[in-house]
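Quick notes on the structure that follows.
Throughout, read-outs are computed from the coordinates displayed, never taken from laboratory work. Remember, it's a predicted structure, so these values are computed and weren't measured experimentally. A quick note on method: Cβ atoms are made from the backbone with ideal geometry, for glycine too, and the neighbour counts reach across all protein chains shown.
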Protein chains: 2
Amino acid sequence: MRDMLGREEVISVEKALQLVLSNISPVSPPEKKLSIEDSYKRILSRDIFSPEDLPQFARSTVDGFAVNSSDTFGATETFPAYLNVAGEISMGIMPAFDLKKGEAAKIATGGMLPKGADSVVMVEHVQHIDARMIEVMKPVAPCENVIMAGEDIRKNDLIFMKGHRLRPQDIGALAGLGITEVLVFERPKVSIISTGDEIVPANCPVNLGQIRDVNSFNLAGLIAEAGGDPVKRGIFRDDYNVLRKVIEESLRDSEMVLITGGSSVGTKDMTAKLINDIGEPGVLFHGVSIKPGKPMIGGIINNKPLFGLPGHPAAITVCFEQFIEPVLGRLSGLAENVFRDRKRIVIAKISKNVSSSSGREDHIRVSLEEREGEIWALPILGKSGLITTLTKADGIVVIPLRKLGLEQGETVEVRLF
Amino acid sequence: MRDMLGREEVISVEKALQLVLSNISPVSPPEKKLSIEDSYKRILSRDIFSPEDLPQFARSTVDGFAVNSSDTFGATETFPAYLNVAGEISMGIMPAFDLKKGEAAKIATGGMLPKGADSVVMVEHVQHIDARMIEVMKPVAPCENVIMAGEDIRKNDLIFMKGHRLRPQDIGALAGLGITEVLVFERPKVSIISTGDEIVPANCPVNLGQIRDVNSFNLAGLIAEAGGDPVKRGIFRDDYNVLRKVIEESLRDSEMVLITGGSSVGTKDMTAKLINDIGEPGVLFHGVSIKPGKPMIGGIINNKPLFGLPGHPAAITVCFEQFIEPVLGRLSGLAENVFRDRKRIVIAKISKNVSSSSGREDHIRVSLEEREGEIWALPILGKSGLITTLTKADGIVVIPLRKLGLEQGETVEVRLF
């Protein structure tokens, strides 16, 4: 995109992302049935309603004696309530007897209350007279120390909404309700196309002038962690027809296409031209006010997003966090939850002045160090083409668009990775 | 453990954890060779040194002209430096020519500098006279816009230490060095033993008095996320011999044993007795000043930790975070990194007063809500036996040992899960 004077226009990160998101029509990924054991971190494709009450009976939450609470009212250590022991509740079966007025039944945590009982006196508040009689030294209220039938979950309650990502405790809840299979969305496939005549596979020796493929490994890990299914297409020559073929193939059998590198003069324009030539609407933005990552290209073809990513490793990581991860969430069917999807943050002080230009969002790699009880973020200097600026870093500090750098000692939020 | 008055003594979370960690001798889990594609999140079992320089040659970081910087000194728009174009650098191969004094060579990002060149002028600062000559309108310093040979990583540099957990960018760096296989530690196996005569498998219908196994599903997910290999042993009767057999089997072929439930009166003591009977040193603590989770038991047999966990779902999650995860990290061979292993935290304000007793660490489940730009943490009330106190929660707020509750509007750290 060029402005009225013919200069190349770069747009803000926020605008660029909005442009992509607003141009994707709602998609509903295919569904898949999985056993709950295999569903950790998967996204539900349907609302789930409870088929039954949980628990289905009143359960004791303590070890003690099931009683009718009215029999204990006013009981104290000096004037205890005397109750007859009607028997002991066996675990896992319905009590064989009902409780009558003035009776108590020995019960363990998790035991089912007998009919006639509405509460449980903790064993600590009971004295044994003999096998047949106890003294209760403290009154209990109705329902005290009891989980009532349906108190946790009621039959037909909506327990999880479509788009919810399942956590360990959620799988536990499903198991508790006897739901052992769920329908989840298939993970979106994301094609990774590496371009550049100088790039060779990781398992090849390099000649002078060549460099091994770093970015597709970094990207594959980022995609998998974000809930996508990475598909490495391979390394391709900077050639219009070669690239057109692999992009078209990728669009056919994946939900997003990432093209990294394209470093020879003219290839950047070639990626943009390819996206525009292959389908509609084509390129949405070309250049973003972000560092590293400025030459990034974003487009859509047949409702599938494509990104042209600069070849520098640090730019890959920054562009992934800012663009690809939110778009991938949308394609995955994930319901937005700003809190649960938040990255881990550490509040730290920046260890030295860092300059930044206004009109550019700067993403500074930092390592963290504790010094006398304070956490300091140490900027890692070095070109964004250096992979070690990422491997030595603990996270990233963002200097916003309109801020002119950071002053030593200033408090910053470090987004860990 | 009982104090001098014979009362059961509970110890602080910190002391209990220290007791376990200090009683485990250093372990080195078995090693396993994996391709880097399969090594995401795995823990390195050896230091890794670089087999070569990265890059192996000086590379351009921009599109432009490779020059000898001294030829550009003093160049301005008014008085540009005139340089002869000696040729164009092809990507991926060694330049076929050297640069002489007064010469420039067209080069793309990632291209190899020819002999005689020490820097690159960006294409933006060049005017073309004709195919044979350019005007340079801005001087460059030596090494400007160039990544020098070995600037990223030098041969024999220590790149990752034993105990480092591999992130996407780390795998990228290994690929860049041609390292396609690594030695990692095997994941520690963690046995999960469910006890309780009232517990039935998730796929069974429940009769009155019975409840399905929730905790082993919650635990299996937590263990896998923390880098362990969960082994569900099944559901066992509250019977000394039955439990002794499965605990002994679990100790033989796993690195940690978790025993959940044991809810009938006397079973808690049975778990402690079993741990003491089976081996040395046996039970280390019985009862911790934490809520939920107080009745927890910790022990060690033959250098393998065992935990007896209360059956309440919320207690399982809290005990896991406080005890099992740090111990699992130790068993995994993970080098400590207080920052990278930190949980995701959200700063919020608590929405209502919450009371807590001194001498007890209270773990309150909360959901998060944004109201007029502020984040509020809403305590989820309800017994710790309710699974929904976990499924409705976004995270946990800790009220420390000596603090008497929280006041409405107070700022809290929410540990997300």
Overall dimensions of chain B by Cα: Rg and Dmax, Å: 31.1, 99
Distance in nm between pseudo-label sites at A:ARG402 and B:GLU280 (7 Å out along the Cβ direction from Cα): 7.1
Inter-copy separations for A:ASN203, label at 7 Å along Cα-Cβ, nm, ascending: 3.8
Ranked B:GLU361, B:GLU413, criterion: other C-beta atoms within 10 Å, fewest first: B:GLU413, B:GLU361
Binned Cα-Cα distances of the protein assembly as shown, short to long, each 10 Å bin given as a whole percent: 2, 11, 19, 22, 17, 11, 8, 5, 2, 1, 0, 0
Global form of region A:63-132, assessed from the alpha-carbon gyration tensor, a/c cut-off 1.5: prolate
³J(HN,Hα) computed for each position of region B:48-61 - Karplus, 6.51 cos²θ - 1.76 cosθ + 1.60, integer Hz, glycine/proline x: 10, 10, 6, x, 7, 6, 10, x, 8, 8, 6, 10, 7, 9
Global geometry of region B:189-318, whether rounded, prolate or oblate, following the gyration tensor of its Cα atoms and the 1.5 cut on a/c: rounded
Residue (of B:THR76, B:LEU113, B:VAL136) at the positive-pole extreme of region B:59-147, dipole from beta-carbon charges: B:LEU113
Residue and distance (whole Å) for the chain B Cβ nearest the axis that superposes B on A: B:ARG344, 2
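Rounded to the nearest 20 debye, what is the charge dipole size of chain B about its Cα centre when +1 sits on each Lys and Arg Cβ and -1 on each Asp and Glu Cβ? Could you put the intermediate results ahead of the total?
Values: 49 positive and 55 negative charges, 279 e Å.
Roughly 1340 debye for chain B.
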Label distances, nm, B:GLU372 versus same residue in remaining copies, Cβ-directed 7 Å point: 4.0
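What is the gain in length, in nm to one decimal, between A:LYS352 and A:GLU413 on full extension, counting 0.36 nm per residue of separation less the C-alpha to C-alpha distance?
Numbers: separation 61, 0.36 × 61 = 21.96 nm, distance 1.49 nm.
In short, 20.5 nm is gained.
Would you tally the net charge around A:ILE147, using a Cβ to Cβ cut-off of less than 14 Å, leaving A:ILE147 out, and scoring K and R as +1, D and E as -1? The partial results should precede the final answer.
Working: positive: A:ARG59, A:ARG154, B:LYS383; negative: A:ASP53, A:ASP118, A:GLU144, A:GLU151, A:ASP152, B:GLU198.
Overall, the nearby charge balance is -3.
If you take every residue apart from B:PHE49 with its C-beta less than 13 Å away from the C-beta of B:PHE49, what net charge results, scoring Lys and Arg +1 and Asp and Glu -1? Please report the intermediate quantities before stating the final value.
Values: positive: B:ARG46, B:ARG154, B:LYS155, B:LYS162; negative: B:ASP47, B:GLU52, B:ASP53, B:ASP157.
Net of charged neighbours comes to 0.
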Efficiency of FRET between B:PHE49 and B:ALA141 - r from beta-carbon atoms, R0 45 angstrom, step 0.05: 0.90
Inter-label distance for B:ARG237 and A:SER28, nm, one decimal - labels placed 7 Å from Cα along Cα-to-Cβ: 5.0
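For chain A, what is the relative contact order in percent, using Cα pairs closer than 8 Å and at least 6 residues apart in sequence? Kindly include the intermediate steps, with their values, before the conclusion.
Details: 943 pairs, mean separation 68.1, N = 417.
Relative CO of chain A lands at 16 percent.
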Rounded if a/c under 1.5, otherwise prolate or oblate - region A:345-416, Cα gyration tensor axes: oblate
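Suppose only helical runs count, i.e. DSSP H with n ≥ 4. What mean residue ellipticity at 222 nm does that imply for chain B under -39500 (n - 2.57) per run, divided by all residues and rounded to the nearest 500 deg cm²/dmol?
Details: 8 runs with 75 residues, N = 417.
Computed ellipticity for chain B at 222 nm equals -5000 deg cm²/dmol.
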Rough spin-label spacing in nm, given labels placed 7 Å along Cα→Cβ, for A:PHE73 and A:GLU37: 5.3
Shortest-first distances to equivalent copies, position A:ASN241, nm, label 7 Å out along Cβ: 8.0
Length gained when the stretch B:LYS100-B:TYR82 is fully extended (0.36 nm per residue, less Cα-Cα span): 5.1 nm
Fewest-first ranking of B:CYS319, B:CYS143, using other Cβ atoms within 10 Å as the exposure measure: B:CYS143, B:CYS319
Within a Gaussian network of chain B (alpha carbon springs, distance under 10 Å), most fluctuating of B:MET296, B:MET122, B:MET161: B:MET122
Within a Gaussian network of chain A (alpha carbon springs, distance under 10 Å), most fluctuating of A:THR180, A:THR72, A:THR388: A:THR72
Among B:GLY395, B:GLY163, B:GLY209, residue whose mean-square fluctuation peaks in a GNM of chain B (springs only between Cα atoms under 10 Å): B:GLY209
